Amino acid sequence: MSFLRIGAFTLAATALLGSPGPGIGALVAVGRSKGVVGGLKFYTALQVGLAIAAAGSAAGLTSVLEVVPAIRTVLIVVATIYLLWLAWSVASAPVGERAIGAGETKVGTARGGFLLGVANPKAYIAFASLMGSFTLLQNTVANALLKWAICVVVMICVDLAWLWVGALVGAVKLRPTAERAMNVTMGVAIAAACAAAFL
């Protein structure tokens, strides 16, 4: 086992999995809307979905998705519908006094987090790249398991940090017009991250 290679893999995983994309855009929006504690259900469900996606990539699911494009298409459609709904919900969320009690909205549900984790196209691209580019252990199964475990730990840490960033942004008191502009900007950012992931 080379600790240098493990360190390089962890660094690459942090860069790829921690860079902005649909999941991180959603986490920031949920953190801003619900705070860290209120966003934990979405965050946890997202981590479960991403862990399943990472396991699938480690087991060669990415190859299956290339051979059976219909499965990949279904995942992309599900992720796109959810992300566009989330983008609209964030952009049109109540502002000012009407925002009181808005933390109870359907934005950032556990079900949505899980679907996004399982169907996130950017995540599959990142996992496929990570799983195919490093050899940490000579045993194939042990190598895949170690890479999966590192990816899961990295995701847990970086995604929690992004949820916290969203909560910090949400704690800033803004005038209703500025808050509306921020909501629209975040909604557009989520939609743009979704489009970028497919390109």
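Each value in this text was obtained by applying a stated rule to the coordinates, not by laboratory testing. Values in this document were obtained by computation on a predicted structure and should not be read as measured data. We place every Cβ from the backbone using ideal geometry, glycine too, and count neighbours over all the protein chains shown.
Show me the ranking of peptides 120-131, 151-162 by mean Cβ neighbours inside 10 Å, starting with the highest.
Taking the mean over residues of other Cβ atoms within 10 Å, the ranking is 120-131, 151-162.
If Lys and Arg each add +1 and Asp and Glu each add -1, what is the summed charge of the other residues whose beta carbon sits under 15 Å from the beta carbon of Leu137?
The answer is +2.
Counting just the Cα atoms, what span does the stretch 135-185 cover along each of its three principal axes? Round to the nearest Å and put the largest first.
58, 17, 11
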